[in-house]
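Here's the structure we're looking at; comments come further down.
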Amino acid sequence: MDNVAKIILGGGVALLPTDTVYGLMASPLHPAAVAQIFALKNRPEAKNLPILVADSAQISALGVQLGSRTEALLASRFIPGALTMVLPLGEAPNWLIGRQEIALRIPNDSALRQLLAQTGPLLATSANASGQETPADVTSILSQLSGVPDIVVNDGPRQSQPSTLIDCQTSPFTVLRRGALSEADLKEILAL
């Protein structure tokens, strides 16, 4: 992962396994790398990219406004995990200027969290052509993309379900995308 961190910090795009699906990742401090993610996926630039973070300290540095329910969720058994949260922004770093909210996740993958500790928060999205299902294996992913990332880490097949996406700005939370979490998990989360 040291080599991956070096490439990302140098402005490259990585194709990496996560605890859910493979993802394309880049440092938000390198606009050309972020543009490359959009190009690889043929993703509309109007759709913001989610953010992966290593821990709660990195969330605080993003200027996220946390309410008591969101803090309870961050302390729950679902974090780290396959749960992406839409959260409101307050005073944010320059690369987030203009955004009112962000979608972020702490992955349940120790190697990926160690990488995030080295690189800082990364913009990340599922590794697939926009509008397509995310393939489970790297060969199929690369055949869908419009080009090749700067580094590819192949760690075998991943599940095909992305993270569950919830909006933490509503009361109760709103499920925006059903993903890897079960109905029972969602009931527990929505009860916070």
Which condition from (1) touching a strand residue (DSSP E or B) at 6+ places or on another chain (Cβ under 9 Å); (2) among the aliphatic types (A, V, I, L, M); (3) assigned to a loop (DSSP other than H, G, I, E, B); (4) buried (at least 19 other Cβ atoms within 10 Å of the Cβ) is the one that residue 54 breaks? (1)
Among residues of region 33-46, those that are closer than 21 Å to residue 163 by Cβ and in contact (Cβ under 8 Å) with a residue 24 or more places away in the chain, counted: 6
I'd like the full set of residues that are surrounded by fewer than 19 Cβ atoms within 10 Å (Cβ to Cβ) and assigned to a strand (DSSP E or B), limited to region 136-164. 151, 152
What pairs come out if I take residues in region 1-25 that are farther than 13 Å from residue 156 by Cα and pair them with residues that are among the charged types (D, E, K, R) and in a helix (DSSP H, G or I) whose C-beta lies under 7 Å away, six or more apart or interchain? 24/41
Take the residues of region 90-125 that are of a type in the set (Gly, Ala, Ser) and at pLDDT 95 or above: which is surrounded by the fewest Cβ atoms within 10 Å (Cβ to Cβ)? 110
Only one of 67, 10 is loosely packed, with under 14 Cβ neighbours inside 10 Å and farther than 29 Å from residue 186 by Cβ, namely 10
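The values are calculated or read from the model by the stated rules, or taken from the named source; none is laboratory data. All of these numbers come straight from a predicted model, not from anything done at the bench. Neighbour counts run over all protein chains shown; Cβ positions are idealised from the backbone, glycine included.
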